[in-house]
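Below: one structure, written as structure tokens.
The values are calculated or read from the model by the stated rules, or taken from the named source; none is laboratory data. From a predicted model like this one, the values you see are computed outputs, not experimental measurements. With ideal geometry, Cβ positions are generated from the backbone for all residues, glycine too; neighbour counts draw on all protein chains shown. Keep in mind that these areas ignore ligands, DNA and RNA; they rest on the heavy atoms of the full protein, side chains included. Shrake-Rupley method; radii C 1.70, N 1.55, O 1.52, S 1.80 Å.
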Amino acid sequence: MGIPAELGNRVACWLAATVMLVLTGGCGAKTVERMPPLEVAGWVDGNAPEASDLQGRVLVIDCWASWCEPCRPAVSDLLQIHAKYAEQGVQFLGLTPESAGEIERVLGFVYEMELPWPNAYGAKETIRRLGVSGYPKVVVVDRQGRIAWRGPSDLVEVAIREALKK
């Protein structure tokens, strides 16, 4: 005794529709996510980037936290990638959700890891708006200000190359 033919056909149709939705990215027109405004409590060493420094450039945004152990090897990956792409006009930024009350830990992480790019603290809301819910995570923003990719640091180089092509 198997599944009635009518039920089997419904399941097959539902499964096919679900697969198509996954493959095409959902129902209807796909919305383009824009880079949210950088709302932060402050910048390490007051090293805030100017809006003109960011416009028309590919941005690589490293979302990290000083207490995040996996963030350390991720930053090491990004330092190598930064050396390769900074001269091609790619702007790197670091964002941590940690507050001004945790500035000593934030500074310790930035200086220990020798981060050469601007780093902001108190960026919890911006990080949330970037679609990041865990650390470490990297976001690539294309030259038009659209979020092009988000994921782990070990896969970011492909996203940077693609964003540079556009």
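Details
- Cubic angstrom per residue, convex hull over Cα atoms of segment 93-137: 70 Å³
- Each label was represented as a point 7 Å from its Cα along the Cα-to-Cβ direction; for residue 143 and residue 45 these points are 2.9 nm apart.
- Total charge dipole magnitude, segment 58-166, about the Cα centre, Cβ charges on Lys, Arg, Asp, Glu only, Debye to nearest 20: 580 debye
- Here segment 50-84 and segment 119-163 have alpha carbon centers that stand 9 Å from each other.
- A simple spin-label model places the labels of residue 54 and residue 103 2.1 nm from each other, with each point 7 Å out along Cα-to-Cβ.
- Charge tally around residue 131: other residues with Cβ under 12 Å, Lys/Arg +1 each, Asp/Glu -1 each, net +4.
- Taking all protein chains as they are arranged and a probe of 1.4 Å, the heavy atoms of residue 103 leave approximately 40 Å² accessible to solvent.
- Using θ = phi - 60° in the Karplus curve 6.51 cos²θ - 1.76 cosθ + 1.60, the 3J(HN,Hα) couplings for segment 92-97 round to 9, 9, x, 10, 10, x Hz; x is entered for Gly and Pro.
- Förster radius 25 Å - calculated FRET efficiency between residue 33 and residue 124 (Cβ-Cβ, nearest 0.05): 0.85
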